[in-house]
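The values are calculated or read from the model by the stated rules, or taken from the named source; none is laboratory data. Everything quoted here is computed from the prediction, not taken from an experiment. In this analysis, Cβ positions are derived from the backbone assuming ideal geometry, glycine residues included, and neighbour counts consider all displayed protein chains. Surface accessibility is based on the protein's heavy atoms, side chains included, excluding ligands, DNA and RNA. Shrake-Rupley method; radii C 1.70, N 1.55, O 1.52, S 1.80 Å.
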Amino acid sequence: MELLKPLYDKYHERMFFVSISADKEFMKMVFFLNLQKDFTWTFLHLGNEIGLLQDYNVRSFPLFVLIDSQGKIVQYPADMPDSGLESSLEKLLNP
């Protein structure tokens with residue numbers, strides 16, 4: 001998340017950032033976000049929708065996915081924030 005923060009700061013006015021917590025307990029996510037006040041993008045909790053992890057073939061965390069403005073997945077898995085994600089964001093914004 002620390003590596004994602006600078007990208008959020010730079011691009012949040014031009015795209016949405018969403019993180020999905022797969023913690024079993026909702027309050028773990030709430031506790032984490034209360035400690036990390038600078039993580040201000042949208043956080044969702046997976047809840048009982050474990051099948052979503054199978055649907056997207058999630059095998060490790062974190063997993064980054066780029067989705068265009070039409071809802072089409074354009075990069076899966078996307079690069080990590082320290083390994084080219086910013087370049088992918090630029091290509092998505094400036095095709």
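Tally Lys and Arg at +1 and Asp and Glu at -1 over the other residues with C-beta under 14 Å from the C-beta of TRP41: what net charge comes out? All intermediate terms of the calculation are to be shown ahead of the outcome.
Details: positive: LYS5, LYS10, ARG14, LYS37; negative: GLU2, ASP9, GLU13, ASP38.
Once all neighbours under 14 Å are counted, the net charge is 0.
Cα axis of helix 26-35 to longest principal axis of the chain: angle in degrees, 0 to 90, nearest 10?
That helix lies at roughly 60 degrees to the long axis.
How about region 1-77: which trypsin sites (Lys or Arg not before Pro) there lie in a loop by DSSP and see at most 10 other Cβ atoms within 10 Å?
Passing both the DSSP loop test and the Cβ count: ARG14, LYS37, ARG59, LYS72.
Would you please state which residues of region 19-48 a label at ASP9 would reach in this model, taking the label point 7 Å out along Cα→Cβ and a backbone N cut-off of under 14 Å?
The answer is 37-41, whose backbone nitrogens lie closer than 14 Å to the label point.
Which percent of the accessible heavy-atom area of the chain goes to carbon and sulfur, probe 1.4 angstrom? Provide the component values of the computation, followed by the final result.
Numbers: 3870 of 7110 Å².
Looking at the chain in its full context, I get 54 percent from C and S.
Using Cα pairs under 8 angstrom and six or more residues apart, how large is the relative contact order of the chain, in percent? Show your work: numbers first, answer last.
Values: 72 pairs, mean separation 22.5, N = 95.
Computed value for the chain: 24 percent relative contact order.
Just tell me which aspartates and glutamates come within less than 17 Å, Cα to Cα, of LYS91; anything on the same chain fewer than 8 places away is out.
Qualifying aspartates and glutamates at Cα under 17 Å: GLU13, ASP68, ASP79, ASP82.
If you add up the charges near VAL30, with Lys and Arg at +1 and Asp and Glu at -1, over every other residue whose beta carbon is less than 15 angstrom from its beta carbon, what do you get? Numbers along the way, then the final one.
Working: positive: LYS24, LYS28, LYS37; negative: ASP23, GLU25.
Every neighbour counted, the sum reads +1.
How long are the three semi-axes of the equivalent ellipsoid of the chain, in whole Å, if each is the root of 5 times an eigenvalue of the C-alpha gyration tensor, listed from largest down?
Calculated on Cα positions only, the semi-axes equal 22, 18, 11 Å.
If I take R0 = 22 Å and measure r between the Cβ atoms of MET1 and VAL65 in this structure, what FRET efficiency does the formula 1/(1 + (r/R0)^6) give, to the nearest 0.05?
Working: r = 16 Å, r/R0 = 0.71.
With R0 = 22 Å, the Cβ-Cβ based efficiency is 0.90.
Taking amide hydrogens as modeled 1.01 Å from N in the peptide plane, which residues meet the under 5 Å criterion relative to HIS45, leaving out close sequence neighbours?
Here the answer is SER21, since their amide H atoms fall under 5 Å of that of HIS45.
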